[in-house]
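The values are calculated or read from the model by the stated rules, or taken from the named source; none is laboratory data. Treat the numbers as computed from the prediction; the structure is a model and nothing was measured. As a convention, Cβ positions derive from the backbone with ideal geometry for all residues, glycine included, and neighbour counts pool all protein chains shown. Side chains included, ligands, DNA and RNA excluded: accessible areas come from the protein's heavy atoms. Shrake-Rupley method; radii C 1.70, N 1.55, O 1.52, S 1.80 Å.
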Amino acid sequence: MDTKIDIFNHVMPVPYLELMKQHSKDAGIVKRMTGLRMLWDIEARVAMLDQWPEVQQVLTLSLPSPELVGGPELSPQLARIANDGMAGMVRKWPHKFPAFVASLPMNNVAAALEEMDRAIGELGARGVQICTSVNGRPLDEPEYFPVFERVTRKHDLPIWMHPARPATRPDYVNEPKSKYEIWQVLGWPYETSVAMARIVFSGLFDKLPDMRLITHHCGAMIPFFAGRCETLWAQLGSRSADENYDEVLKRMSKTPIEYFRLFYADTVLGGSAPALRCGLEFFGIDKVVFASDCPFDPEGGPMFIREGIRSVEELGLSDADKRKLYFDNAMNLLRMPVAPR
């Protein structure tokens with residue numbers, strides 16, 4: 001039975017959960033995370049995974065990330081607790097969890113660099129996770145460049161980018177908050193797409209050509225709107241009277257759409273095979289990795305694994321391409337020679 005590496009799913013160590021309940025000001029996210037047993041009851045998670053003995057999960061911390069829970073004084077402690085907890089899960093169940101991804105206190109860059117080095121160097125993390133913004137601040141602000149630089153140049157490991165947009169950010173200017181959980185269902189793919197665009201146009205790929213960044217939800221809006229992105233951003237500046245964007249396109253060594261294809265993408269699309277085909281056609285088979293988003297499905301754990309596998313199998317890919325999607329691409333990203341079986 002061929003191994004399937006699930007590269008983007010979520011856990012929350014119990015000590016982190018307790019601090020989140022104590023410090024978070026977002027009652028909605030506390031309700032969601034507290035009520036999702038497979039997130040923090042790892043014994044139950046391991047038992048659930050026995051349904052798929054070929055699936056191994058690379059662990060990432062669920063939202064809220066450290067900077068969403070506490071200020072710059074508290075967030076480093078939160079990140080350490082999260083990373084120590086995930087490292088413990090990997091040590092205890094290496095055949096279920098071959099690796100974990102480090103969380104960082106992004107509202108304290110000096111501490112983020114220190115925790116990155118500790119989590120990778122001492123705990124064995126195989127990359128770092130960031131959100132699409134730092135409490136609403138864009139990732140292309142110079143303050144955050146050292147994080148991208150350190151993980152790319154010093155550690156040569158990938159970045160997992162998870163969307164974050166709170167319910168308090170309204171969809172209409174005359175309303176106090178977003179209704180009907182639009183902020184999450186539609187807002188998160190929008191936030192991912194915006195972050196990707198800011199990374200592209202700020203020149204981050206030119207500064208760090210070896211950077212490998214995994215976008216959640218298969219590149220979000222970009223594959224579906226690729227034609228719009230290509231044709232309209234080719235005319236960058238034509239609709240802006242108060243900004244001079246002419247120099248932006250001139251300094252780019254590729255067209256904008258070519259930069260967007262430099263991102264990696266996961267298969268997390270709620271089990272939609274047509275959407276996955278769109279993402280695969282945009283990024284190419286070598287840039288897409290299998291992932292489940294477990295346990296954030298209506299069944300609280302198994303559905304996204306089951307339906308994610310089904311969506312891949314429905315595409316009629318060759319065995320070689322399926323192996324890339326399920327295993328090879330993840331192993332290359334993680335710089336892992338072999339996974340425990």
Charge context of GLY28, other residues only, Cβ under 11 angstrom, K/R +1, D/E -1: +2
Normalised per residue, the volume of the convex hull around the Cα set of the stretch 109-225 (Å³): 123
Dipole of the chain [Lys/Arg +1, Asp/Glu -1 at C-beta], most positive-end residue of ALA167, ASN108, THR255: ASN108
For LEU61, net neighbour charge (Lys/Arg +1, Asp/Glu -1) across residues whose Cβ lies under 13 Å away: -2
Sequence of HIS10, HIS217, HIS23 from largest to smallest accessible area, 1.4 Å probe: HIS23, HIS217, HIS10
Candidate residues TYR144, TYR180, TYR245: accessible-area rank, largest first, probe 1.4 Å: TYR180, TYR245, TYR144
Whole-angstrom gap from the stretch 260-306 to the stretch 153-197, using each part's C-alpha centre: 17
Of all DSSP beta bridges in the chain, antiparallel share, percent nearest 5: 10
Choice from THR267, THR34, THR192 showing the highest fluctuation, given a GNM over the chain with Cα pairs closer than 10 Å: THR34
FRET efficiency, ASN174 to ARG32 (Cβ-Cβ, R0 30 Å, nearest 0.05): 0.65
The chain, accessible surface, carbon-and-sulfur percent (1.4 angstrom probe): 54
Value at 222 nm in deg cm²/dmol, rounded to 500, when DSSP H runs of n ≥ 4 in the chain each add -39,500 (n - 2.57): -11500 deg cm²/dmol
HN-Hα J in Hz across the stretch 104-121 - Karplus 6.51, -1.76, 1.60, θ = phi - 60°, x for Gly and Pro: 10, x, 5, 8, 9, 5, 4, 5, 4, 5, 5, 5, 4, 4, 5, 5, 7, x
Extension gain from GLN22 to SER272, taking 0.36 nm per residue of separation minus the Cα-Cα distance: 86.3 nm
Residue order for TRP183, TRP52 - accessible surface, 1.4 angstrom probe, largest first: TRP183, TRP52
